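All remarks here apply to the structure that follows.
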Number of protein chains: 2
Amino acid sequence: MQNKRYKVAVLGATGAVGREMLTVLDEMRFPVSEVYALASEKSAGDSVPFGNRSLKVLAVTAEAFDGVDIVLASAGSAVSKQWLPIAAARGCLCIDNSSAFRMRDDVPLLVPEVNPEAISLHNGLISNPNCSTIQMVVALKPLHDHAQIKRIVVSTYQSVSGAGKKGMDELSNQTIALFNQKPFEIQVHNGRIAFNVIPHIGTFDNTGYTDEEMKLVHETRKILGDAEMKICPTCVRVPVFAAHSESIAIEFARPLTPAQARLLLESAPGVVVQDDPQEKVYPLAIDAAEKDAVFVGRIRQDFSVPHGSVLWDVSDNLRKGAATNAVQIAQLAVARDLVHGAAVVQA
Amino acid sequence: MQNKRYKVAVLGATGAVGREMLTVLDEMRFPVSEVYALASEKSAGDSVPFGNRSLKVLAVTAEAFDGVDIVLASAGSAVSKQWLPIAAARGCLCIDNSSAFRMRDDVPLLVPEVNPEAISLHNGLISNPNCSTIQMVVALKPLHDHAQIKRIVVSTYQSVSGAGKKGMDELSNQTIALFNQKPFEIQVHNGRIAFNVIPHIGTFDNTGYTDEEMKLVHETRKILGDAEMKICPTCVRVPVFAAHSESIAIEFARPLTPAQARLLLESAPGVVVQDDPQEKVYPLAIDAAEKDAVFVGRIRQDFSVPHGSVLWDVSDNLRKGAATNAVQIAQLAVARDLVHGAAVVQA
């Protein structure tokens, strides 16, 4: 099996997450035989980097998926809905970073450190959860296994890279404009983001929650396998370029001391504990940027409930929150020999 | 009584809050006969603005308090501990913005919209609560009166002006340095604050909480008069120049709908409701800066508990969170004729 190599297509290759997928494929030395960069007609002909090579961007067509083993998609829900069923029908394993299929019963919603067993159920399509969900469940899974989560109250501090390159450019341009007393535009975020925080990511439902917030509820329940888990989310954009931070208060069914939580997290896959507050050691967004782990700190007892913990987790939303998790799903599929049609391209 | 005018001294007049106290005294047309700007020896001789006048800064001495009716102090706990007992002994009503006396049983901890009745207990000393506490209790008091708060989970997004002018300068200097690829210093905050968030304000205790966080617990209990109230706090510094934001999940003993909460808040003193998410109306730090109100929005049901609400409040930490609240305490003392010794300076 270690000799198999795979034809991989990245759909949405010119976006912030698509580019990161190419970077992570290369960094993790994913066994590729070919890599295709697919995007919309208007990006066709551009080029994107893959390791020290340059890939020409191809317009996505049905035929572009012929012979492809694995599709990593991050081009938005509409594009995923249009093209991934076609790709899956042509034998590709599609790993989708959009929200299009996440809540479908026949589509695994996968974080390899948390619910790897769900991969066996795939029918050619696997969903990558939302960035803020991924880092939260990686941090909570070992605690949930030990003490059983009853309720979560989470407030996020989400970076502008969650809104893609345009989001990062807007923060940068607004900041420069403010220092030069020049006018600036507000296009990507729902208000000026420079030197501000905005309690609004996505669109509001009629109960006053955003879809970004409800993803934290529904996706966490699906991944942790508890449809009754109580979750109270607030999602907030902050003027940080990369990496989301989360303040999480957790109520458990059973006792869990901070020392136990720390031990469990220290041996948890994908987690790096940074927790020595007296020495000013706790996770920071600027340190987590461009890294693959979920960093956890400020682990302490929540004295306001019988069995509670509070913690602070930080992770790069373009890496573990998107590209890294997608590539790890592909790695898991390879390891379990669950890439459909992989045999045909055996080296 | 409306003819009485008062001799007011601002102790710590050259600091960010001290300057704001002078601004608010002037804006609110507090009935002053004289205003003295007091500070440490090293600031003596400087001048600070008061309306369109300029006040010469005097070094604080015991004699400086002679004949003064009201002292507004914001020079840190050590200075307050040293000088306010002396001032109070000389007949001054001291309103202290430091944490020095806040938890003392014989010192009222006062937010005029919330617990005005506590002022009658003063013995020459009244404490101004911490910034993050003030805005939270102003928003929660009308809800508490109606449905009785059992538990609060609060995560803050606190501006750098909470660290004074030095904090604002550091954010500014680091931001400029980053854009110019120049080195920068880290002195005021516990790490780079530009384009970062830092889950650390103040000093840590041996349970892993900061003193800033525990102020939210102890001060809220004292002000709302419920020593058993459950509060789970996380305090975070964000790269915002002015105004703190707070994400608050509240559990009540009795039912409270979002519509009821909105109505209660709309008629609450000191509160401005900004809550029309479909129209992108919610409180923002940049809008709250230099205003006196507590702005509340994102009011919604917390579906994770039987009786719960979630909301987002924003207020300028130098104004309502410090200077405005202190001047309002002085106004209340005047209105109730509780300024000791005021009679001697009757005009």
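So here's what we get for this one:
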{"item": "Residues located in the range B:212-232, provided they are farther than 20 Å from residue B:115 by Cα, more than 9 Å from chain A (Cβ to nearest Cβ) and touching a residue at least 60 places away in the same chain (Cβ under 8 Å)", "result": "B:212"}
{"item": "Residue count, the range A:142-158 (criterion: on the phi > 0 side of the Ramachandran plot and touching a His at 6+ places or on another chain (Cβ under 8 Å))", "result": "0"}
{"item": "Residue match in the range B:239-252 (condition: without any contact (Cβ under 8 Å) to a residue 12 or more places away in the chain and of a type in the set (D, E, K, R))", "result": "no"}
{"item": "Close pairs (8 angstrom Cβ cut-off, 6 or more residues apart or separate chains): closer than 16 Å to residue B:3 by Cα in the range B:18-33, surrounded by fewer than 20 Cβ atoms within 10 Å (Cβ to Cβ) and among the small types (Gly, Ala, Ser) anywhere", "result": "B:33/B:347"}
{"item": "Test set (1) assigned to a loop (DSSP other than H, G, I, E, B); (2) open to solvent by 10 Å² or more (accessible area, probe 1.4 Å); (3) more than 8 Å from every other protein chain (Cβ to nearest Cβ); (4) in contact (Cβ under 8 Å) with a residue 12 or more places away in the chain - residue B:183 fails condition number", "result": "(4)"}
{"item": "Yes/no for residue B:78 being over 18 Å from the mean Cα position of the chain (by Cα), open to solvent by 30 Å² or more (accessible area, probe 1.4 Å) and either under 27 Å from residue B:138 (Cα atoms) or of a type in the set (A, V, I, L, M, F, W, C) (or both)", "result": "yes"}
{"item": "Residues of the range B:8-60 classified as in contact with a Lys or Arg (Cβ under 9 Å, 6 or more places away or on another chain) and small (Gly, Ala, Ser), total", "result": "9"}
{"item": "Filter result for residue B:115 (surrounded by 15 or more Cβ atoms within 10 Å (Cβ to Cβ) and away from chain A (no Cβ under 13 Å))", "result": "yes"}
{"item": "Hey, residue A:25 at pLDDT 95 or above and in contact with a Leu (Cβ under 6 Å, 6 or more places away or on another chain) or not", "result": "no"}
{"item": "Failed item, numbered, when residue B:331 is tested on (1) over 30 Å from residue A:252 (Cβ atoms); (2) open to solvent by less than 20 Å² (accessible area, probe 1.4 Å)", "result": "(2)"}
{"item": "Selection count where residues are in a loop (DSSP other than H, G, I, E, B) and hydrophobic (A, V, I, L, M, F, W, C), scope the range A:191-234", "result": "7"}
{"item": "Within the range B:189-211, tally of residues that are more than 19 Å from residue A:159 (Cβ to Cβ) and at pLDDT 95 or above", "result": "11"}
{"item": "Pairs with Cβ under 7 Å, 6+ apart, first in the range A:138-166 and within 14 Å of chain B (Cβ to nearest Cβ) and touching a residue at least 24 places away in the same chain (Cβ under 8 Å), second crowded, with 21+ Cβ neighbours inside 10 Å and aromatic (Phe, Trp, Tyr)", "result": "A:149/A:252; A:150/A:252"}
{"item": "Selection within the range B:118-147 - of a type outside the set (Gly, Ala, Ser), under 21 Å from residue B:69 (Cα atoms) and surrounded by fewer than 21 Cβ atoms within 10 Å (Cβ to Cβ)", "result": "B:119, B:121, B:123"}
{"item": "Candidates A:198, A:193 - the one that is surrounded by 22 or more Cβ atoms within 10 Å (Cβ to Cβ), facing chain B (nearest Cβ under 7 Å) and in contact (Cβ under 8 Å) with a residue 24 or more places away in the chain", "result": "A:198"}
{"item": "Given (1) out of contact with any Ser or Thr (no Cβ under 6 Å at 6 or more places or on another chain); (2) more than 12 Å from every other protein chain (Cβ to nearest Cβ), index of the condition residue B:135 fails", "result": "(1)"}
{"item": "Every residue from the range B:65-103 that is closer than 11 Å to residue B:10 by Cβ and of a type in the set (Ser, Thr, Tyr)", "result": "B:74"}
{"item": "Selected residue (only one of B:246, B:251 is crowded, with 21+ Cβ neighbours inside 10 Å, in a strand (DSSP E or B), over 18 Å from the mean Cα position of the chain (by Cα) and at pLDDT 95 or above)", "result": "B:251"}
{"item": "Subset of the range A:272-292 [open to solvent by less than 20 Å² (accessible area, probe 1.4 Å) and either over 25 Å from residue B:231 (Cα atoms) or in contact (Cβ under 8 Å) with a residue 40 or more places away in the chain (or both)]", "result": "A:285, A:288"}
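Listed here are the residues, each with its yes/no results for (1) within 19 Å of the chain's Cα centre (by Cα); (2) open to solvent by 50 Å² or more (accessible area, probe 1.4 Å).
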{"residue": "A:6", "(1), (2)": "no, no"}
{"residue": "A:10", "(1), (2)": "yes, no"}
{"residue": "A:19", "(1), (2)": "yes, yes"}
{"residue": "A:25", "(1), (2)": "yes, no"}
{"residue": "A:29", "(1), (2)": "no, yes"}
{"residue": "A:36", "(1), (2)": "no, yes"}
{"residue": "A:50", "(1), (2)": "no, no"}
{"residue": "A:59", "(1), (2)": "no, no"}
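The values are calculated or read from the model by the stated rules, or taken from the named source; none is laboratory data. Note that the structure is predicted; figures quoted are calculated from it, not measured. For neighbour counting, all protein chains shown are included, and Cβ atoms are generated from backbone atoms with ideal geometry for every residue, glycine included. Remember, those area values only see protein heavy atoms, side chains included, never the ligands or the DNA or RNA. Shrake-Rupley method; radii C 1.70, N 1.55, O 1.52, S 1.80 Å.
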